[in-house]
Amino acid sequence: MTGRGRPRKAKSPETKDAKSKTRPDEIKQLSLPRCPRKDFTEEKQNGVMKEQKPKEREQKKPNHTIEKPSVQSAQKEKTTKHFTEDINKQQETPSDNTKAPVRGPKAKTCAGRAKSREQSGERVRKMRLELPKDTTKDSIEITKAKKCPGRAKSTEQLTEETTKMQLETPKDMTMDSIKITKAKTFACKAESPEKFTEETMKMQPEKRKYTTKAYVPQHKCEDKSEVASILSTTLEKLKIKRHDRSNAAKVINEIIKNIITHLKKKTECFKEAEQLHTGSYYENVKISHPDEFDVMLSIPVDRVAIKPFGDDGAFYSVTLKRGNSPLKEFQENDILSASKMLTEFREEVKKCVKPFTEWKVTTKKKGCPAVTLTTKVQSVTISLDVVLCLRVKSSWPPFTNEGFKIEGWLGTKVKREYKLKPYYLVPKYEGRGTVERDGVLAKDSWRISFSHVEKDILKNHGSEKTCCEKEGERCCRKDCLKLLKHLLSLLKEKNPSFDKFYSYQAKTTLLHACCSRTKDSEWRASSLSQCFQQLLEDFVGHLEKGVLPNFFIPDQNLLSGSDQKKCMSLAHCIKKEVENGFPIFK
């Protein structure tokens, strides 16, 4: 029983803990602990009651201030059983500074155990310093208990604290983001860890974007326009002036007419010779000056049998069938000798040209099928190659079956019409003329030629019939070929070791490219720079592989006579010109 004037008997700590476990909803309403009744009666009997009351008031005030910032005091205000058990464990830990007051006869009075404000504040600061580093969960729980029990921290405050942590420790960004995600998981009603982590990592993609933008060179477009200007200017320089063309054509036509007239009147074996215009001049791909002309004089043969000389299908031995052909005088062992026939033809041309003193016959070159004549027109030296050939009216050899792939470019009908045309045999051989195969010497073999088809294709080169006509759109196929021939000739001038490369390889590269890029829209005149560089890439690819198949006979490699080192060297020079913007044209 307690009197009305006497204070109520305080409960022991064990009883207080038990009550907090059974009645957690009343923790907030508990008042600060008072002195036990037993001690109170003992002190009253000893006459110290009057002195105890003022000290007891002093003890109450600092207890409120101490419990507010203290970790243990905040945890006592948790509303769940789990938090209460954690507080009891912390109170029982010997390393903790907040031990429960000792009961028994040795217990001091409440006034003796009270601390001043300064001492309590210092004690709290020490406790905070001694806390472990990974206190993210506890700190969030303390803040939660301080502000409003049962309610999670606001998203704005949590984001602000996360930003501060990132600024303070930028090097350990990964650990901070992990701790932040952990803290957000324990905070109820907060954002999900996945969403928060996604927001935190937004900085890194932005940095990558900035790096990519900075990598784009600003002068790339300027280089393209500069290269296009250089190529256009070079093409203008390569154009043949009209009066130069007409003057050269007049001289050439006059001498050819005289040669044909002489062959028809003075010879029996060449009286059926017919003129066939071939070569770059008649294909409209001649560059710089009209200084080189090729004219084929064909002799028709109706009944012949051809047999491949070699494995690539480019060279053949010719046998005349029964009949009274004037060419029988050039036969040896039933084989029409190319060397004998070419020697006779050369002598007849010399006889014809002798009265025309302005023309001179050049020395015969090894393996060359032409008789070369030279003259000067307005101080410009002009050369004329008069080529002897046989015109064969029969189906094309089987070696051509896998070549001449123009179906996707010019159409199947056009291909069929071309294959109905005759083909030609030229007295030309490769290597040593004394090499013998099946009783036939190399110098007596003939090389197959489709130059007349090449000329027709380059004249009618568009997938649309109106390509490069007045009503149609202009393409850059021929312009690309002119530039490639010009580049090759300039590189040969700088490096004489490139003399094994010739313009026919450039033309063959273009024909293959036209079959690969068949549409006229892929060869627009406005895209000259891009198309020319693509053609150079094709040519460099052939050089690096050391393989350039004949357009009509794919088994023949037009680079077989060139050393692989020379091919690689030429490819390197072309690459260098492309990378530097074609300084050789400047």
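Worth a mention:
- Being hydrophobic (A, V, I, L, M, F, W, C), surrounded by 13 or more Cβ atoms within 10 Å (Cβ to Cβ) and in contact with a strand residue (DSSP E or B) (Cβ under 9 Å, 6 or more places away or on another chain) holds for only one residue in Phe404, Phe399, and it is Phe399.
- A search for C-beta distances below 8 Å between a residue of segment 503-530 that is closer than 15 Å to His542 by Cβ and any residue that is part of a helix (DSSP H, G or I) and among the acidic types (Asp, Glu), counting only pairs 6+ apart in sequence or on different chains, returns Lys507/Glu454; Thr509/Asp538; Leu511/Glu454; His512/Asp538; Ala513/Asp538; Ser516/Asp538.
- Residue satisfying condition, being open to solvent by 20 Å² or more (accessible area, probe 1.4 Å) and closer than 22 Å to Ile553 by Cα, within set Leu420, Leu481: Leu420
- A single member of Leu558, Leu535 is under 23 Å from Ile406 (Cα atoms), touching a Pro at 6+ places or on another chain (Cβ under 8 Å) and among the hydrophobic types (A, V, I, L, M, F, W, C), and it is Leu558.
- For segment 228-273, a residue qualifies if it is hydroxyl-bearing (Ser, Thr, Tyr) and not in a loop (DSSP other than H, G, I, E, B), and the qualifying residues are Ser229, Ser232, Thr233, Thr234, Ser246, Thr261.
- Filtering segment 274-313 to residues that are of a type in the set (Val, Ile, Thr) and in a loop (DSSP other than H, G, I, E, B) leaves Val285, Ile287.
- Candidate set: segment 459-471, residues that are without any contact (Cβ under 8 Å) to a residue 24 or more places away in the chain and in contact with a Gly (Cβ under 9 Å, 6 or more places away or on another chain); chosen: the one most open to solvent (accessible area, probe 1.4 Å): Lys465
- Residue check, Val414 among the aliphatic types (A, V, I, L, M) and surrounded by fewer than 20 Cβ atoms within 10 Å (Cβ to Cβ): yes
- Residues satisfying the stated conditions in segment 256-292, i.e. open to solvent by less than 30 Å² (accessible area, probe 1.4 Å), farther than 30 Å from Arg477 by Cβ and not polar (S, T, N, Q): Ile259, Ile260, Leu263, Cys269, Phe270, Ala273
- The residues of segment 552-586 that are touching a Gly at 6+ places or on another chain (Cβ under 6 Å) and of a type in the set (Phe, Trp, Tyr) amount to a single one, Phe552.
- When Asp438, Asp385 are screened for being on the phi > 0 side of the Ramachandran plot and of a type in the set (D, E, K, R), only Asp438 passes.
- Scanning segment 297-311 for residues that are in contact with an Asp or Glu (Cβ under 9 Å, 6 or more places away or on another chain) and crowded, with 20+ Cβ neighbours inside 10 Å returns Leu297, Ser298, Ile299, Phe309.
Results for (1) surrounded by 15 or more Cβ atoms within 10 Å (Cβ to Cβ); (2) under 19 Å from His461 (Cα atoms); (3) within 20 Å of the chain's Cα centre (by Cα), shown as yes or no for each residue.
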residue	(1), (2), (3)
Ala525	no, yes, no
Leu536	yes, no, yes
His542	yes, no, no
Val547	no, no, no
Ile584	yes, no, no
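- For segment 549-582, a tally of residues being among the small types (Gly, Ala, Ser), closer than 20 Å to Leu481 by Cβ and surrounded by fewer than 16 Cβ atoms within 10 Å (Cβ to Cβ) returns 0.
- Residues in segment 335-354 include none that are in contact with a strand residue (DSSP E or B) (Cβ under 6 Å, 6 or more places away or on another chain), open to solvent by 40 Å² or more (accessible area, probe 1.4 Å) and either part of a loop (DSSP other than H, G, I, E, B) or touching a residue at least 60 places away in the same chain (Cβ under 8 Å) (or both).
- Residue that is farthest from Tyr418 (Cα to Cα), among those in segment 363-385 that are surrounded by 22 or more Cβ atoms within 10 Å (Cβ to Cβ) and either more than 50 Å from the chain's Cα centre (by Cα) or at pLDDT 95 or above (or both): Leu373
- Subset tally (residues that are of a type outside the set (Ser, Thr, Tyr) and within 24 Å of Lys443 (Cβ to Cβ)) for segment 333-361: 17
- Count of segment 531-574 residues which are out of contact with any strand residue (DSSP E or B) (no Cβ under 9 Å at 6 or more places or on another chain), among the hydrophobic types (A, V, I, L, M, F, W, C) and under 22 Å from Leu490 (Cβ atoms): 13
- Taken over segment 536-585, residues that are aromatic (Phe, Trp, Tyr) and farther than 23 Å from Val453 by Cβ amount to 2.
- Scanning segment 495-520 for residues that are among the hydrophobic types (A, V, I, L, M, F, W, C) and assigned to a helix (DSSP H, G or I), we see that the one that is surrounded by the most Cβ atoms within 10 Å (Cβ to Cβ) is Cys514.
- In this structure, Ala248 qualifies as touching a strand residue (DSSP E or B) at 6+ places or on another chain (Cβ under 7 Å), surrounded by 17 or more Cβ atoms within 10 Å (Cβ to Cβ) and on the phi < 0 side of the Ramachandran plot.
- Across segment 355-372, the qualifying residues are those that are assigned to a loop (DSSP other than H, G, I, E, B) and β-branched (Val, Ile, Thr), and the one among them that is farthest from Leu388 (Cα to Cα) is Thr357.
The values are calculated or read from the model by the stated rules, or taken from the named source; none is laboratory data. These figures come from a predicted structure and were not determined experimentally. Counting neighbours? That spans all protein chains shown, and the Cβs are built from the backbone with ideal geometry, glycine included. Areas reflect the complete protein model, heavy atoms only, side chains present, ligands, DNA and RNA absent. Shrake-Rupley method; radii C 1.70, N 1.55, O 1.52, S 1.80 Å.
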